[in-house]
Amino acid sequence: MSDIIPGPKGLPLIGNSLDMWQDRDMPLRGLERLADLYGPIYQAVLGGRRVLVCSSANLMHELTDEKRFAKIPPPTVASGPRPKGLFLARNEDPDWAQGHRILMPVFAPLAVQDMFHEMKDIANQLVLSWARKGSDHRILATEDYTKLTLDTIALCTMGYRFNSFYTESQHPFIEAMNFIFTENTARTTRPGVVTKLMYRTNAQYDHSQSVLREVGQKIIDDRRANPVDKKDVLNTMIYGKDPKTGLVMRDELIMEQMLTFLIAGHETTSGLLSFTTMYLLKHPATYLKAQKEIDEVLGTRSIEASDISKLKYLTAVLREAARLQPTVPVLQKEVAPELASGPVLLDSGRYQVLPEDRIILLMSKSQRDPTVWGEDANDFNPDRMLDENFDRISAEYPSAWKPFGNGKRACIGRAFAWQESLLVLAMLLQNFDIKLDDPNYNLVVKQALTVKPDNFYIRVTPRTHLH
Ligand code: HEM
């Protein structure tokens, strides 16, 4: 006999939607609040389905077992006639396997190193833009990081320039994307029948989808009209053959992959840069140590690809920020389809998971488990992430730090995001003294597609001279 999983009592039809109502702008907070009340595993009925919400390192470890559990793509986006890009496809979708085989090599660490100069081109645009603003101007860091990361992913993977630093307003792509993802998040907790009746919202949703596809189509059309002899991601998708089947990717799938990269590849990294900057500014001793490392490695010369691996302390800072604030804060799982005929046991055999259950893995909490990280698990302490400590913890608890997901569905852009983040932070620390606009700034996390610090304003003063 298995135990009954604890959780709030639900109501007929709407399940536990009311329990989440007070946090409707930020469902993540609602899930975390209930975890504080009911413990590391609880059940609730959301969107008409039983949901098991897990938040300990142990449960995280069990859920990364790909023999028992499989990824569920975000539910509302996954339906519809279009093919699914890598992020949204189910494991058994042949499009996922084809995309994975064709695209993995172009995102491998060595291939990403070849993108260094294009990454640096955009990072330079950010540095110049901040230098010109001067120290009297307050800067909404999250917004500038979003410009940077969108421009970087588009240039490095598709040779396309959004030129976000040369335009006043945000690109319509970003507006459309934000709308779609805020709405997707809302749909996970709102009863489906209510969504059906929201005609204006649904019309705006469809319009936003077409904005994204127009941008994607323009990029593909431009490339077909002006072919370049380059082994970038876009060319790999247009001309690359699946090593297993010898087939090329069809156009409508290329479009979905491109949108996936533009979306998955920028908000996440922008959030990581924002949180890392925020932690550095809230911890002046860490800031000075990180800046000292940059000064020792780079001095006043311009950064090169080979410098990235020398930034040991900055790497630890990034790891710690990604632990405390994973910008993809939840993973969703279900019983692996191969085991769909019966329940699967969870929590060392204590509870039963049914094939129809949705499992939400709250990484924002599981990565703060004191059994792994100790009593100061909630504190920002990069020293615990220096290579020797990080390797020891990873050996003992292989699933304790998983901001890039796990197994075959882990992030394809991890090396890309990591190189970009180290490069950008190194250039900013080298070129500026950065301060909080409000020294008493207290972190408020805002959730849309990913999570980010809200109202995060900074001021920057150029150091000696620009590189
Ligand atoms: C998958 C996080 C940057 C593209 C994932 C997953 C996580 C993640 C947690 C697994 C999601 C799941 O299991 O449902 C992050 C973080 C990033 C980042 C924290 C930055 C700090 C990027 C970049 C790209 C990217 C730069 C650009 C290509 C993808 C794709 C997938 C994915 C395509 C799906 C892979 C698959 O299922 O085959 N990411 N990501 N991500 N990420 Fe990232």
Can you give the accessible area of residue 171, probe radius 1.4 Å, in Å² rounded to 10?
50 Å²
Could you report the accessible area of residue 411 in Å², rounded to 10, computed with a 1.4 Å probe on the protein chains as they sit in the structure?
60 Å²
What distance in nm separates the two pseudo spin-label positions at residue 224 and residue 375, each 7 Å out from Cα along the beta-carbon direction?
6.5 nm
Span-rule helices in the chain, defined as complete DSSP H runs reaching 24 Å or more along the axis (Cα) with Kyte mean at least -0.5:
116-133, 141-158, 172-189, 414-431
Only Lys, Arg (+1) and Asp, Glu (-1) charged, at Cβ; region 360-423 dipole about Cα centre in debye:
520 debye
Label point 7 Å beyond Cα of residue 97 along Cβ direction - residues of region 315-344 with amide nitrogen under 15 Å
337-338
Would you calculate a helix-derived [θ] at 222 nm for the chain, using -39,500 (n - 2.57) for each DSSP H run of n ≥ 4 and dividing by the full residue count, to the nearest 500?
-15000 deg cm²/dmol
Amide hydrogen neighbours beyond the local backbone of residue 69, cut-off 5 Å, H modeled:
336
Calc'd 3J(HN,Hα), region 59-74, phi into Karplus 6.51 cos²θ - 1.76 cosθ + 1.60 (θ = phi - 60°), Hz, glycine/Pro = x, comes to 5, 3, 4, 4, 6, 7, 6, 6, 6, 9, 10, 10, 5, 9, x, x
With +1 assigned to the C-beta of every Lys and Arg and -1 to the C-beta of every Asp and Glu, and no other charges, what is the dipole magnitude of the chain about the Cα centre in debye, to the nearest 20?
580 debye
Violating pairs (Cα-Cα greater than 32 angstrom) within the set 67/365; 9/408; 292/333; 312/408; 282/365; 67/310
9/408; 292/333; 67/310
Ordering of 126-136, 253-263 by packing [mean C-beta count within 10 Å, highest first]
253-263, 126-136
Let me check something: with ligands and nucleic acids excluded, how do 308, 139 order by accessible area (1.4 Å probe), largest to smallest?
308, 139
Residue 110 versus residue 201: modelled label distance in nm, points set 7 Å from Cα along the beta carbon direction:
4.9 nm
For 396, 293, write out the residues from largest to smallest accessible area, computed with a 1.4 angstrom probe and no ligands counted.
396, 293
Contact order relative to length of the chain, as percent, for alpha carbon pairs under 8 angstrom and 6 or more apart
25 percent
Projecting the Cα atoms of 345, 184, 371 onto the charge dipole of the chain, where Lys and Arg contribute +1 and Asp and Glu -1 at Cβ, the residue farthest towards the positive end is 184
With the charge dipole of region 1-148 built from beta-carbon charges (+1 for Lys and Arg, -1 for Asp and Glu) about the Cα centre, the Cα from 56, 11, 97 projecting farthest to the positive end belongs to 11
Counting only residues 5 or more places away or on other chains, whose amide H sits under 5 Å from the amide H of residue 330 once H atoms are built in the peptide plane?
363
Normalising by the residue count of region 304-414, find the relative contact order in percent from Cα pairs under 8 Å and 6+ residues apart.
32 percent
Region 43-51 - phi-based ³J(HN,Hα) in whole Hz, Karplus 6.51/-1.76/1.60, Gly and Pro as x
10, 8, 10, 10, x, x, 10, 5, 10
What FRET efficiency comes out for residue 387 versus residue 341 if R0 is 45 angstrom and r is the Cβ-Cβ distance? Round to the nearest 0.05.
0.50
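Using only Cα atoms, what Kirkwood radius does the chain have, in angstroms?
Roughly 23.3 Å, rounded to one decimal.
With the cut-off at 1.5 for a/c, could you classify region 22-69 from its C-alpha gyration tensor as rounded, prolate or oblate?
prolate
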I need the phi-derived Karplus couplings for region 402-409: 6.51 cos²θ - 1.76 cosθ + 1.60, θ = phi - 60°, integer Hz, Gly and Pro marked x.
9, x, 9, x, 9, x, 6, 9
With +1 on each Lys and Arg Cβ and -1 on each Asp and Glu Cβ, and nothing else charged, work out how big the dipole of region 66-222 is about its Cα centre, in Debye to the nearest 20.
620 debye
Per DSSP, the loop-located trypsin sites (Lys or Arg not before Pro) within region 253-332 having at most 10 other beta carbons within 10 Å are 301
I'd like to know which of 331, 41, 238 lies farthest towards the positive end of the charge dipole of the chain, counting +1 on Cβ of Lys and Arg and -1 on Cβ of Asp and Glu.
238
Taking the simple approach of a point 7 Å from Cα along Cα-to-Cβ for both residue 33 and residue 117, what is their distance in nm?
5.3 nm
Prolate/oblate/rounded call for region 401-467, Cα gyration tensor, a/c under 1.5 rounded:
oblate
Can you list residues from other chains, or at least 5 along the same chain, whose modelled amide H is less than 5 Å from the amide H of residue 64?
none
Applying the gyration tensor rule to the Cα atoms of region 81-153 (axes a ≥ b ≥ c; rounded if a/c under 1.5, else prolate if a/b exceeds b/c, else oblate), the class is oblate
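The values are calculated or read from the model by the stated rules, or taken from the named source; none is laboratory data. Owing to the predicted nature of the structure, the values given are computational and were not obtained by experimental measurement. Glycine gets a Cβ as well: all are built from the backbone with ideal geometry, and neighbour counts include every protein chain shown. Surface accessibility is based on the protein's heavy atoms, side chains included, excluding ligands, DNA and RNA. Shrake-Rupley method; radii C 1.70, N 1.55, O 1.52, S 1.80 Å.
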